[in-house]
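The values are calculated or read from the model by the stated rules, or taken from the named source; none is laboratory data. Worth saying up front: this structure is predicted, and the values here are computed from it rather than measured. Here the Cβ positions follow ideal geometry from the backbone for every residue, glycine too, while neighbour counts run over all protein chains shown.
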């Protein structure tokens, strides 16, 4: 498809397990972002990738969270030793370039539920 | 510290009337603002944006107004249609961030009644 693709669409797991979330950005988009939306809240920035530059990890809430972007395309967000407060919708977005004035296009998200 | 605030959680308007959604921000470094629309179980969809060098941007039925002195922006939808019923998020970014990362408000749920 032409849009941002995320998988899985839903994930239910037990507290303490590790999870991996995947994002396929729009082809040709060099910038990739991860956000999360907790219940009743706005979107919260997690991490940003742009080309070969060092990622901006300033939004990651703890060292249990990490992300990679391989080959400048697909990205995975990994949460280790999940906690119940990690339950949220995790959204990936991509844009033509990093920086300003480039609208970010979002995938439909992964709904993560920690039991 | 909520840098972008949408103080109205919900808004209900009649089809054909104007919908006005409001957003306030506190960070004077913000210089690019966007509105997104979100349907349930879908990702946010970009609607319209405005740079701080402008005070108005229009795209069809959607107009965004920016008042920098008041640190306030609004989205006008005229005429409103039932298909506009969704959650609307405003977002802001700052050139100084050098990344374009967006700071979002909490969202306003718009209901347009037929």
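The rows are residues; the columns are (1) more than 10 Å from chain B (Cβ to nearest Cβ); (2) under 12 Å from the mean Cα position of the chain (by Cα); (3) modelled with pLDDT under 95.
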position	(1), (2), (3)
A:17	yes, no, no
A:22	yes, yes, no
A:27	yes, no, yes
A:43	no, yes, yes
A:46	no, yes, no
A:49	no, yes, yes
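Taken over the stretch B:61-114, the criterion of being farther than 23 Å from residue B:43 by Cβ and without any contact (Cβ under 8 Å) to a residue 60 or more places away in the chain is satisfied by B:63, B:65, B:66, B:67, B:68, B:69, B:70, B:71, B:72, B:74, B:76, B:98.
Residues of the stretch B:28-40 include at least one that is away from chain A (no Cβ under 11 Å) and more than 25 Å from residue A:90 (Cα to Cα). For residue B:26, the requirement of being in contact with a strand residue (DSSP E or B) (Cβ under 6 Å, 6 or more places away or on another chain) and either surrounded by fewer than 18 Cβ atoms within 10 Å (Cβ to Cβ) or without any contact (Cβ under 8 Å) to a residue 40 or more places away in the chain (or both) is not met.
Out of everything in the stretch B:68-114 that is away from every other protein chain (no Cβ under 14 Å) and out of contact with any strand residue (DSSP E or B) (no Cβ under 7 Å at 6 or more places or on another chain), what residue ends up being nearest to residue A:94 (Cα to Cα)? Before you say what the answer is, go through the steps one by one.
Initial filter on the stretch B:68-114 (away from every other protein chain (no Cβ under 14 Å)): B:68-85, B:110-114.
If we keep only those that are out of contact with any strand residue (DSSP E or B) (no Cβ under 7 Å at 6 or more places or on another chain) as well, we get B:68-70, B:78-79, B:83, B:114.
On the way: B:68: 28, B:69: 31, B:70: 31, B:78: 29, B:79: 31, B:83: 26, B:114: 35 Å.
Only one residue fits best here, namely B:83.
Somewhere in the stretch A:88-104, is a residue over 21 Å from residue B:30 (Cα atoms), more than 12 Å from every other protein chain (Cβ to nearest Cβ) and over 13 Å from the mean Cα position of the chain (by Cα)? No, that holds for no residue.
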